[in-house]
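One structure is given below, encoded as structure tokens.
The values are calculated or read from the model by the stated rules, or taken from the named source; none is laboratory data. Predicted model, so just to flag it, every value in this text is computed and none were measured. Here Cβ is always computed from backbone atoms with ideal geometry, including for glycine, and neighbour counts include all displayed protein chains. For the accessible areas, the whole protein counts, side chains as well, though only heavy atoms, and no ligand, DNA or RNA atoms are used. Shrake-Rupley method; radii C 1.70, N 1.55, O 1.52, S 1.80 Å.
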Amino acid sequence: MKFITNDMQTESGDKTIDESRQGEAVMVEPKRGHGKKLLLESYGCAMNFSDSEIVASILTEEGFGTTRNAEEADVILLNTCSIREKAEDRIRNRLLAFKKMKRKNPSLIVGVLGCMAERLKETLLEQEKLVDLVVGPDAYRDLPNLIEQVGTGQKAVNVLLSREETYAEISPVRLNSNGINAYISIMRGCDNMCSFCVVPFTRGRERSRDPESIVNEAIELANNGYKEVTLLGQNVDSYKWNLTKKGEVKDENLPTVSFSELMELVAKACPELWIRFSTSHPKDLTDDVAEVIAKYDNICNYIHLPIQSGNNEILKKMNRGYTREWYLNRIEALRRIAPKCAISTDIITGFCGETEEQHADTLSLMKEVGFDMAYMFKYSERPKTLAERKYEDDVPEEVKGRRLSEVIDLQRA
Ligand code: 5AD
Ligand code: SF4
């Protein structure tokens, strides 16, 4: 039985990226050479690693070559994560090291991409004076212009979030790929506003990508010999094409596609591909997803279904939109409809005001479900989130730590 603690894994928990890959540099051949070298490092969740493949696609088109060696780089970009404070601390340390390098090599351009760029915006340039370039997750098409602007001696920022951008037609350059598994981003952003989570602020509103471009990307991967794809989104169960949030059809002349229908489309188009998906949200998980898992041999019998807490009051304060009973009902449905399906989860210990009894409810829920795997974290307060504004981060660090150890020990047992 596996267990993963917050010390061992990605800073983002769900869409797992191994600790050993954090800070990994991207290596690709340029399309046409102007001789400039890019060091592009990725941190955090699979969504960031997947976004780096889009950034690499845009910049290799522009003639950049890549390097793993900072000394050799003309441009250094870090694709960053803000989910917990520890994740940001690690990136700040990296940026401080590059700041020293810039003293020796003033023409070196250093930029921050991703969630930390979006969260901190100009402060990274103005107050902290750590970087030349700040680019949020929806502005990567603008990177060539922004890098050029920095080349003329100005600082450059684009942190505009978009309601439409899905980079649908950009063919990602598969980075450091083993040629076996690849990510396909199916949606961007998150509208859930879980009170502890910074993601809705850093990645903006939820939007789904055109299903045709998703299926085509899967077919291309299969044709290139890939064996496994992971359909990625912050909340894949709310994938919707041509439907409003309320479920109304946007354009009568176009088909509508739900998440389970999208999985079916990919499963049928690529029978030789093994299909995974991440991450599911318990409040949106419908039986049809379990039915599709059970129906297609090439859809992986595995679901990541973050519970966060086993106590209803805490779940309410977390703004998760479900109760313990609802969650257990979803587990029951999964086990009934897709009995072979393995289940993993995310758990946060020491959320604002959590009592010993409420923590005990998380332990009892874990016993009741018997998760195959869990990602477990101490609560880390994030600026501007609903929890930061509404509740006090009042569980002492050592209590959070002790509760985390109890959760880990139980998962291990
Ligand atoms: N503190 C601790 N863990 C968090 N997560 C998200 N935000 C925080 C936070 N502020 C965890 C949740 C989520 C996973 C991706 O990271 O468990 O499911
Ligand atoms: Fe954050 Fe909740 Fe959205 Fe997940 S579903 S990204 S935890 S707000």
Specify the residue with the greatest mean-square fluctuation among Val249, Val134, Val395, computed from a Gaussian network of the chain linking alpha-carbon atoms under 10 Å apart.
Val249
Considering only protein heavy atoms and a 1.4 Å probe, what is the carbon-and-sulfur percentage of the accessible area of segment 19-158?
46 percent
Size of the dipole of the chain about the Cα centre, Lys and Arg at +1 and Asp and Glu at -1 on the beta carbon, nothing else charged, in debye to 20?
740 debye
Considering Cα pairs under 8 angstrom that are at least six residues apart, work out the relative contact order of the chain and quote it in whole percent.
14 percent
Carbon + sulfur, % of accessible area of segment 305-413 - ligands and nucleic acids excluded, 1.4 Å
50 percent
Cut-off under 5 Å, modelled amide H: who pairs with Lys378 long-range
Thr349
Which of Ala117, Ala87, Ser107, positive extreme of dipole for segment 19-158 (C-beta unit charges)
Ser107
Provide the percentage of antiparallel DSSP beta bridges, counting only those with both residues in the chain; round to the nearest 5.
15 percent
With +1 on each Lys and Arg Cβ and -1 on each Asp and Glu Cβ, and nothing else charged, work out how big the dipole of segment 19-158 is about its Cα centre, in Debye to the nearest 20.
500 debye
What nm value, rounded to one decimal, do you get for the distance between Leu254 and Val399 when each label is placed 7 Å out toward the C-beta?
5.0 nm
Rg followed by Dmax, in Å, when the chain is reduced to its Cα trace:
21.3, 63
Accessible area in square angstrom per residue, the chain, 1.4 angstrom probe:
42 Å²
For every helix of n ≥ 4 consecutive DSSP H residues, a contribution of -39,500 (n - 2.57) applies; sum these over the chain, divide by its total residues, and give [θ] at 222 nm rounded to the nearest 500 deg cm²/dmol.
-10500 deg cm²/dmol
Counting only the backbone N, which residues of segment 392-413 are under 20 Å from the spot 7 Å out from the Cα of Lys86 toward its beta-carbon?
393-413
Which of Ala360, Tyr302, Pro172 sits closest to the plus end of the dipole of the chain, meaning its Cα is farthest towards the positive end, when Lys and Arg get +1 and Asp and Glu get -1 on the C-beta?
Pro172
Under unit Cβ charges (Lys, Arg +1; Asp, Glu -1), what dipole magnitude, rounded to 20 debye, does segment 285-380 have relative to its Cα centre?
120 debye
GNM on the chain, Cα springs under 10 Å; top mean-square fluctuation among Glu128, Glu217, Glu381 goes to Glu128
From the cross-link list Lys121/Lys316; Lys86/Lys129; Lys102/Lys384; Lys317/Lys378, which pairs have alpha carbons spaced over 22 Å apart?
Lys121/Lys316; Lys102/Lys384
Quick calc, Asn216 & Arg335: beta-carbon distance into FRET formula, R0 30 Å, rounding 0.05, result 0.30
Simple SL model, points at 7 angstrom along Cα→Cβ for Met101 and Asn312; separation in nm is 5.4 nm
His34 and Met373 label points (each 7 Å along its Cα→Cβ direction) are spaced in nm at 4.2 nm
